[in-house]
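Written below as structure tokens is the structure these notes are about.
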Amino acid sequence: MLNKKLIKICGITCSKDIAYANELLPEFVGFVLFYPKSKRNIGLKEATRLLEQLNKTIYSVAVTVSPTVEQAKQIQETGFHCIQIHGKMSDAVYEALQIPIFRAFNVTDTEQMEELQSKEKVRGYVFDAKTPGSGKTFDWNLLKNVDQGDKLLFLAGGIGEHNVKQAIAQVNPDVIDVSSAVENPDVDGRCGGKNKEKMRKIIRMVHDEE
């Protein structure tokens, strides 16, 4: 468990988002890949371009759902620091990966946690609402008895300026994970990109600077 709280800004989609991150310096930024259902999904070519612009002190996270071995290999080759896996994680994908894995769970579906404790490449657990990226919270009391062992605990799902301090006090996660709370309104059904002032505010709140 870390003393200083870290923050992950998820759903980066464009150069402007990267410029904001480079200025405001969250510890992690996430890019949704291979998941067309998400309005924040981007292609590997675009991800490569954005990674080249990213401050090297910020950890880049490829956010995936049930990735294939081929997709896992492509993510590594693109140069991501870490991969976040929702849905299924096959043994073959685990073996193929050489970068740290953040394993995401719906909070009501954590049976795998005990078996993952001994998996060295799994460096963190991400707890999210039933529908990741929905901007909805879940009952944080469900995390009271979670044994994170030596893994990082990421808390996601509906966290924003209005409840981030409560989330930290109640759950004491290592990393606060936000996406929709720091975005502009959608434009024609497409993600409106990140909002610099919203990012600044929540990063400062997580870092306990205000």
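The values are calculated or read from the model by the stated rules, or taken from the named source; none is laboratory data. Everything numeric here is computed off the predicted structure, so don't read it as measured data. Cβ atoms come from the backbone with ideal geometry, glycine included; neighbour counts cover every protein chain shown. When the accessible area is computed, the model is the full protein with side chains, heavy atoms only, and any ligands, DNA or RNA have been set aside. Shrake-Rupley method; radii C 1.70, N 1.55, O 1.52, S 1.80 Å.
The table below lists the values:
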| read-out | value |
| --- | --- |
| All positions within the range 160-174 that are within 20 Å of Ile12 (Cβ to Cβ) and open to solvent by less than 80 Å² (accessible area, probe 1.4 Å) | Gly160, Val164 |
| Check on Phe80, in a strand (DSSP E or B), without any contact (Cβ under 8 Å) to a residue 60 or more places away in the chain and closer than 25 Å to Ile159 by Cβ | no |
| Subset of the range 96-109 that is crowded, with 17+ Cβ neighbours inside 10 Å and part of a strand (DSSP E or B) - its residue that is modelled with the lowest pLDDT | Phe105 |
| Total residues in the range 1-44, condition in contact with a Ser or Thr (Cβ under 7 Å, 6 or more places away or on another chain), assigned to a helix (DSSP H, G or I) and under 17 Å from Arg200 (Cβ atoms) | 0 |
| Check on Ile75, outside any helix (DSSP H, G or I), touching a strand residue (DSSP E or B) at 6+ places or on another chain (Cβ under 8 Å) and either surrounded by 14 or more Cβ atoms within 10 Å (Cβ to Cβ) or not charged (D, E, K, R) (or both) | no |
| Unique match (being open to solvent by less than 40 Å² (accessible area, probe 1.4 Å), modelled with pLDDT of 95 or more and not aromatic (Phe, Trp, Tyr)) among Val93, Val69, Val65 | Val93 |
| From the options Gly133, Gly157, residue that is surrounded by 13 or more Cβ atoms within 10 Å (Cβ to Cβ), under 18 Å from the mean Cα position of the chain (by Cα), in a loop (DSSP other than H, G, I, E, B) and at pLDDT 85 or above | Gly157 |
| The range 28-49 - residue that is closer than 16 Å to Asp177 by Cβ and either touching a helix residue (DSSP H, G or I) at 6+ places or on another chain (Cβ under 8 Å) or of a type in the set (A, V, I, L, M, F, W, C) (or both) and, of those, surrounded by the fewest Cβ atoms within 10 Å (Cβ to Cβ) | Phe28 |
| Options Asp208, Asp177, Asp186; residue that is open to solvent by less than 20 Å² (accessible area, probe 1.4 Å), of a type in the set (D, E, K, R) and touching a residue at least 40 places away in the same chain (Cβ under 8 Å) | Asp177 |
